[in-house]
Amino acid sequence: MSMILYEKDDAGIAWVTLNRPDVLNAMNMQMRDELWDLMHAVRDDPDVQAVIFKGAGDRAFSAGADISEFGTAPSYVESRRARRERDLWWFMLSMDELLVAAIQGYALGAGIELAMCCDLRIASDDAQVGLPEVSLGYIPSAGGTQTLPRHVPPGIAMQMILTGDPIDAEAALRHGLVQRVVPRDQLYEEAEALTRRGLERRPAEAIVLAKRAIRDGVELSLEQGITLESRLAALALASDQGKRGVKAAGASG
Ligand code: COA
């Protein structure tokens with residue numbers, strides 16, 4: 001059975017479904033390997049401009065890494081090598097496509113960590129979001145200790161990681177971890193509408209450059225960030241789409 005379902009529409013939006021509903025879409029090695037291959041295929045497919053991630057079934061986005069696989073790697077060296085050679089999380093963080101997570105129910109451990117590698121997160125009102133690794137004697141290792149404090153205030157990140165206690169959708173919204181909360185039955189419709197809004201009438205190159213400016217800029221000093229923005233703005237203006245857009249705006253203004 002495939003651990004991932006994949007569909008793409010004519011408007012450049014692809015849906016990726018984490019597909020292990022019986023175990024709350026827990027991520028096992030096979031699922032991570034399938035995601036790794038799929039994300040590379042997405043990057044190479046010029047027709048895909050955005051990806052929406054969701055969980056199969058109705059209980060979870062994903063309950064995190066598959067606990068039943070803990071300690072089953074052939075050796076410590078082997079597991080470190082596999083992780084380095086297939087660093088899914090870092091690959092997702094470096095993608096140019098618009099990545100959106102549509103979170104229902106539980107999003108724990110690697111589940112919310114995957115969502116934090118996306119650009120936008122929309123949650124249903126029943127979402128429960130948390131990083132329980134420390135309670136298992138472990139620490140988040142799908143980027144969570146680094147991505148969480150970049151989304152929420154450091155004190156909240158500290159609280160979530162040190163206690164392992166999940167927060168609900170409203171708290172996630174208040175802290176900026178998700179950008180919208182919607183009723184459960186509207187989640188996928190709203191996620192698609194938000195994604196379409198991100199792509200609509202906007203040249204793909206402008207989206208890519210704006211995303212790079214924000215993503216790479218937050219790691220820089222303000223001065224370096226402004227320099228990066230100027231360089232990317234010049235690239236946007238020099239593109240055919242940029243020239244056409246500026247001309248059209250000038251003609252209508
Ligand atoms: N890995 C493997 N299997 C998991 C899983 C995970 N991370 N999370 C849930 N499952 C499985 C359960 O073992 C159970 O399987 P079973 O029906 O064969 O017994 C099934 O999913 C349903 O989960 P269950 O625990 O019965 O549901 P619940 O409503 O009582 O509790 C959770 C839901 C999410 C609170 C609970 O499943 C849980 O704490 N999961 C682990 C979360 C976690 O620690 N993730 C981070 C790992 S680093």
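Each value in this text was obtained by applying a stated rule to the coordinates, not by laboratory testing. Since we're looking at a predicted model, the values are computed, not measured. Note that we place each Cβ from the backbone using ideal geometry, even for glycine, and neighbour counts take in every protein chain shown.
With θ taken as phi - 60° and the coefficients 6.51, -1.76 and 1.60, list the Karplus ³J(HN,Hα) couplings across segment 93-100 in order, rounded to whole Hz; mark glycine and proline as x.
5, 9, 6, 7, 5, 6, 10, 10
Please give the FRET efficiency for ASP45 paired with LEU220, using the beta carbon to beta carbon distance and R0 = 41 Å, rounded to the nearest 0.05. Please report the intermediate quantities before stating the final value.
Working: r = 30 Å, r/R0 = 0.74.
Efficiency, rounded to the nearest 0.05: 0.85.
DSSP beta bridges in the chain, what fraction antiparallel, as a percent rounded to 5?
25
Dividing the convex hull volume of the Cα atoms of the chain by its residue count, what figure in Å³ per residue is obtained? Display every interim value, and only then the final one.
Details: hull volume 38.3 nm³, N = 253.
So the per-residue Cα hull volume is 151 Å³.
Can you show me the helix-derived [θ] at 222 nm for the chain, built from DSSP H runs with n ≥ 4 at -39,500 (n - 2.57) apiece and divided by the number of residues, rounded to the nearest 500. Working shown, then result.
On the way: 11 runs with 120 residues, N = 253.
Calculated mean residue ellipticity at 222 nm is -14500 deg cm²/dmol.
Using a Gaussian network for the chain with springs between C-alpha atoms less than 10 Å apart, which of these wobbles most: GLY225, GLY176, GLY12?
Between GLY225, GLY176, GLY12, it is GLY225 that shows the largest mean-square fluctuation.
For ASP9 and ALA234, FRET efficiency with R0 = 35 Å and r from the beta-carbon atoms, rounded to 0.05? Mind showing how you got there, number by number?
Numbers: r = 33 Å, r/R0 = 0.95.
So the FRET efficiency works out to roughly 0.60.
Which residue fluctuates most in the GNM of the chain (Cα springs below 10 Å): GLY111, GLY155, GLY144?
GLY155
Out of ASP126, ASP66, ASP37, any idea which swings most in a Gaussian network model of the chain, alpha carbons joined below 10 Å?
ASP37
Using the alpha-carbon centroid of each, what span in Å lies between segment 140-212 and segment 1-56?
Here the answer is 18 Å between Cα centres.
For labels at ASP168 and ARG59 in the simple 7 Å Cα→Cβ model, what's the distance in nm?
2.0
How much net charge surrounds ALA110 when only other residues with a Cβ under 10 Å from its Cβ are counted (Lys, Arg +1; Asp, Glu -1)?
Working: positive: ARG32; negative: ASP66, GLU113, GLU133.
Spelling it out: positives minus negatives among the neighbours equals -2.
VAL23 to LEU199: extension gain in nm, 0.36 nm per residue of separation minus the Cα-Cα distance?
On the way: separation 176, 0.36 × 176 = 63.36 nm, distance 3.37 nm.
Between VAL23 and LEU199, full extension yields 60.0 nm more.
Hey, quick one: spin label on THR72, modelled 7 Å out along Cα-Cβ, who in segment 16-33 has an amide N within reach, i.e. under 16 Å?
Residues 20-33 qualify, since their backbone N sits under 16 Å from the label point.
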